[in-house]
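J.: Mind looking over this structure? Questions follow.
Every read-out reported here was derived from the displayed coordinates using simple, explicitly stated rules and does not represent laboratory data. All values derive from a computational prediction rather than experimental measurement. All Cβ positions, even for glycine, are placed from backbone atoms using ideal geometry, and neighbour counts span all protein chains on display.
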Amino acid sequence: METPQTGLSLPKYLQEEELTEECKELISSLPTEKGWIGPPLYQFQGFWHSSKILSTILTCQKNFQAQDSDIFLTTTPKSGTTWLKAIVFALVNRRKYPDPINHPLVTNNPHALVRYLELEPRIDYQAYDTSTTIASPRLIATHLPFVSLPESVKNSACKLVYLCRNPKDNFVSFWQFANAVIPKEMGTNSLEETLDKFCRGGNIYGPFWDHVLGYWKESLENPQKLLFLKYEEMKEHPEIHLRRIAEFIGCPLSLEEESKGVVDDILKLCSFDTLSNLEVNKSGKLSSGHDTSVFFRRGEVGDWKNHLTPEMIRKLDQITEEKWRGSGLSF
Ligand code: PAP
């Protein structure tokens, strides 16, 4: 096992701290892999996590009680989580905050409004309602793979909205993000080295393909519970997908709202251009330690063409083909 890296300016979810005996014991039995931006990762239930996230996963699996009215925003990292959080927050709260000028999204980064289940260990899940701005339904985000969700999430009537993205753009976004947040003392990750790790699945919450496939299969088996979305399709027809999300989570737009242009208003408020130009998203900081600006880079489809060599493209396409063959899933 690697020596924990101390004194580095790591995001909170990667900082190592005192673990419970149960977690220490579990970790000592798990495969380990060097992390991209900090301490080692451990493979648990087929996916890679930092020790801190692993300890909160165990807590969530044991203690978290889902409510039938909960809405989970589930994503692979770097697949458009920030956008999805903004859209669903705005949708669910549209009557409470009809004025886009005085909207909470103007003064808060979406990650501050919709919190992660497993990244904020000090949130008292029983009192979740009072620690967010929303009482009910609770909006809860997670990057957890389907297999690791607490049983109560799988077994209750709560809804899951899953968003994923083309593997090549997902990888490029991940690589850029890792280099934007890596402590200076650690240098940067080369594209080649990072790709190699991504392809082997050894990135945080990876393997990417297994994450997507787990939710894809569940969406086929249980379409009432899980809505499966693709970033590229959202970018192409955002209004169609916003209406789908609204229907799915049980707050469809009324004819009156449609005629007033509520769909366009929400999409404009949550657009990359609007959000990335807000002061809170240009110079804010999150409780995780991340600058809010790192969640807004280009926000486009196909940026992989600007970064990947033909060999890298071939490698990613080949893995995608192998991993998803016969599943009906493609990009
Ligand atoms: P996270 O998992 O760390 O929360 P996430 O929000 O899923 O990150 O992904 C960030 C990507 O979404 C970035 O993509 P890029 O690196 O290819 O540019 C970011 O630019 C993009 N993004 C953020 N906000 C929006 C938005 N409002 N509309 C479209 N894309 C967005």
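J.: Given a Förster distance of 25 Å, report the FRET efficiency between residue 274 and residue 254 from their Cβ-Cβ distance, rounded to the nearest 0.05.
T.: Working: r = 24 Å, r/R0 = 0.96.
E(calc), rounded to 0.05, equals 0.55.
J.: Suppose the chain between residue 313 and residue 232 were pulled fully straight at 0.36 nm per residue; how much longer would it get relative to their current alpha carbon spacing? Let's see the in-between values first.
T.: Numbers: separation 81, 0.36 × 81 = 29.16 nm, distance 1.79 nm.
That works out to 27.4 nm of additional length.
J.: Mind checking which lysines have their Cα closer than 24 Å to the Cα of residue 96? Skip sequence neighbours fewer than 8 apart in that chain.
T.: 85, 159, 260, 268
J.: Decide, for the chain, between rounded, prolate and oblate: order the square roots of the alpha carbon gyration tensor eigenvalues as a ≥ b ≥ c, take rounded if a/c falls under 1.5, and otherwise choose prolate if a/b is larger than b/c, else oblate.
T.: Working: a/c = 1.41, a/b = 1.28, b/c = 1.11.
Because its axes are fairly even, with a/c under 1.5, the chain counts as rounded.
J.: Also: Applying the Karplus parametrisation 6.51 cos²θ - 1.76 cosθ + 1.60 with θ = phi - 60° to the phi angles of segment 99-104, what ³J(HN,Hα) value in whole Hz is obtained for each residue in order, glycine and proline being reported as x?
T.: 9, x, 6, 9, 7, x
J.: What is the set of long-range amide H partners of residue 48 at a cut-off below 5 Å, with H atoms built 1.01 Å from backbone N?
T.: 205, 206
J.: List, in order, the whole-Hz ³J(HN,Hα) value for each residue of segment 206-216 obtained from phi through the Karplus relation with A = 6.51, B = -1.76, C = 1.60 and θ = phi - 60°; use x for Gly and Pro.
T.: Once rounded to whole Hz, the list reads x, x, 3, 5, 5, 4, 5, 5, x, 6, 4.
J.: Can you bin segment 193-331 into rounded, prolate or oblate? Criterion: square roots of the alpha carbon gyration tensor eigenvalues sorted a ≥ b ≥ c, rounded for a/c under 1.5, prolate for a/b above b/c, oblate for the rest. If you can, show how the numbers build up before the last one.
T.: Values: a/c = 2.03, a/b = 1.28, b/c = 1.59.
Oblate, since a/c reaches 1.5 and b/c is not below a/b.
J.: Report, ordered by chain and residue number, the aspartates and glutamates lying within cross-link reach of residue 197, taken as a straight Cα distance under 19 Å and ignoring same-chain residues fewer than 8 apart.
T.: Reachable aspartates and glutamates: 2, 33, 169, 210, 311, 317, 321, 322.
J.: Residue by residue, what Karplus-based ³J(HN,Hα) values in Hz, rounded to whole numbers, does segment 91-98 have, using 6.51, -1.76 and 1.60 with θ = phi - 60° and x for Gly and Pro?
T.: After applying 6.51 cos²θ - 1.76 cosθ + 1.60, I find 5, 5, 9, 5, 7, 6, 10, x Hz.
J.: Need the C-alpha centroid separation for segment 18-38 versus segment 135-209, integer Å.
T.: 18
J.: Using only Cα atoms, find the angle between the long axis of helix 167-181 and the longest principal axis of the chain, and express it within 0 to 90 degrees, rounded to the nearest 10.
T.: 70
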